[in-house]
Amino acid sequence: MPTNTPAPVTFLGLGNMGQALASAALTAGHPTTVWNRTPARTGPLATRGATPAATVADAVAASELVIACLLTNDTVTEALTPVAESGGLTGKTLVNLTNGTPNQAREIASWAKDHGAAYVDGGIIAVPEMIGGPAAYVYYSGDEEAFTAHRPTLARFGDTRFVGTDPGFAALYDVALLTGMYGLFSGATQALALIRSAGLPTAPFAEELNQWLAAMAPSTAHWGKALDTDSHLTDVSNLNVNQAALPNLLTTHLDQGLPVDLITGLQPLLDRAVAEGHGHDGLSRLAEVLSR
Ligand code: NDP
C-alpha cells in the first residue's frame, strides 16, 4: 500500500476522547472500525462512514493498528484478554491511549508481547475538542518500529512525540504534566475558597487569579535549565523570602476556618532546603531537594 493511502485503523472505546480520535481518523480518510461497550455510541461515527464492530474480536481483526482509549488500563486488558487468548492480537500493533501509570504501561507492553503484539503506550495532552488541532500532542513510548510505521495515522490526532523505548515513559511525562496542572488547580481551589469564605464575590477575583497565574507560570520554564546545570542562585525571590512568607498563607487560611491540606506540602520542603543552606537559591532548588 502506498504510504500516502490512509491505513485502516480500529478504535476500542468511544467515550469523549475515543469519539474525537476516531473522528479525526475518519476526517483524514482512514478506513475506520469502531467498537464500544455500549454499542449505541458507534452511531454518529457509523453515519460518517465508520464500520461498527459487534465484538472486540471483530474490531481487532479489521486493522493492523488497534487504538484503545478506555477509562482505565484494567478495562483495556479486560476487554482484550479473550481476543489475546485466542491468538487475535498476533501481528497487531496495540496503541493504548488510556490514562495510566508507567508501571501499568510496562505490564501491558509485556502482556501484549506475550500475545504477539507490538505495544506503544500514549499520553494524550489535549482535551477532546483539541484533537486534530494545532495545540494537541500525544507522548508515545514503547516499540519504536511500530510507532514509526503507524506515525502517519497517529499524526491525525496531533503532534507525535516519541519519548523512549521504555513503554512507561509516555505515562511518566503525561503524569508529570498532569501533576503540574493539578498543583495549579489545588492552589486555585484554595484561593477561591479563601475569598468565598470571607463572603466576597469570587467572579472578579477569579479573573485576577487567572491573570496572576498566567504571569507566574513562565518562571517554571527556567527551572529545568537551573536543575540541569545545578545553578539555582537568584536575586529575585529566594527561598529565604518564600520561607518567611508561606506561614502567613497557612495562618490566614486556618484563621478563616479552612482546611489547608491542599497547600501544606511546600512548607516542610522549604524548611529542609533552607536548613541545608540553600536559602539564597530560587524555587527551582525545591525540585532538586525533592528528587533526591
Ligand atoms: P469517557 O468516560 O467519556 O469514556 C470512557 C470509555 O471507556 C467509554 O468508551 C466506556 O464505554 C469505556 N469503558 C469504561 N469501562 C469499561 C469497561 N469495563 N469495559 C469496556 N469499556 C469500558 O472517558 P474519555 O473518553 O474522556 O477518556 C478516555 C481515556 O482518555 C481516559 O483514560 C482519560 O483519562 C483519557 N483522557 C481523557 C481526556 C479528556 O479530556 N476527556 C484528556 C486526556 C486523556 P461505555 O460507553 O460503554 O461506558
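The values are calculated or read from the model by the stated rules, or taken from the named source; none is laboratory data. Since the structure is predicted, the reported quantities are computational estimates derived from the model, not experimental observations. Neighbour counts run over all protein chains shown; Cβ positions are idealised from the backbone, glycine included. The area values use the complete protein model at the heavy-atom level, side chains included, leaving out ligands, DNA and RNA. Shrake-Rupley method; radii C 1.70, N 1.55, O 1.52, S 1.80 Å.
Quick notes on this structure:
- Largest-first principal axis extents of the Cα set of the range 201-251 (Å): 44, 25, 16
- A simple rule links phi to the HN-Hα coupling: the Karplus curve 6.51 cos²θ - 1.76 cosθ + 1.60 with θ = phi - 60°, which for the range 82-99 gives x, 5, 4, 6, 9, x, x, 8, 4, x, 8, 10, 9, 9, 9, 9, 6, 5 Hz, with x for Gly and Pro.
- Two-decimal Rg to Rh for the range 173-291 - Kirkwood Rh, Cα set: 0.98
- All Cα-Cα separations within the range 53-199 were binned at 10 Å from zero, giving a P(r) of 12, 38, 30, 11, 6, 3, 0, each value a whole percent of the pairs.
- Highest average packing first - 65-76, 113-124, Cβ atoms within 10 Å: 113-124, 65-76
- For the chain, modelled as a GNM whose springs connect Cα atoms under 10 angstrom apart, the maximal fluctuation among Thr229, Thr81, Thr93 occurs at Thr229.
- Over the range 17-128: Rg over Rh, Cα atoms, Kirkwood Rh: 0.94
- With Cα atoms as the point set, the radius of gyration and Dmax of the range 8-83 evaluate to 11.0, 31 Å.
- Solvent-accessible area, 1.4 Å probe, carbon plus sulfur percent, for the chain: 58 percent
- Residues whose placed amide H lies under 5 Å from that of Ala136, excluding near-sequence neighbours: Asp159
- Calculated on alpha-carbon atoms, Rg and Dmax of the chain in Å: 23.4, 69
- Bridge type composition, the chain - antiparallel percent by DSSP, nearest 5: 25 percent
- Per residue accessible area in Å² of the range 173-291, where ligands, DNA and RNA are left out and the probe is 1.4 Å: 64 Å²
- Within the range 1-104, the trypsin sites (Lys or Arg not before Pro) that combine a DSSP coil assignment with at most 16 other C-beta atoms in a 10 angstrom radius are Arg37, Arg48.
- Hz values of 3J(HN,Hα) by residue in the range 52-67 - Karplus curve (6.51, -1.76, 1.60), Gly and Pro given as x: x, 9, 6, 10, 4, 4, 4, 5, 5, 5, 6, 9, 6, 8, 10, 10
- Normalising by residue count, the range 250-292 has a Cα convex hull of 79 Å³ per residue.
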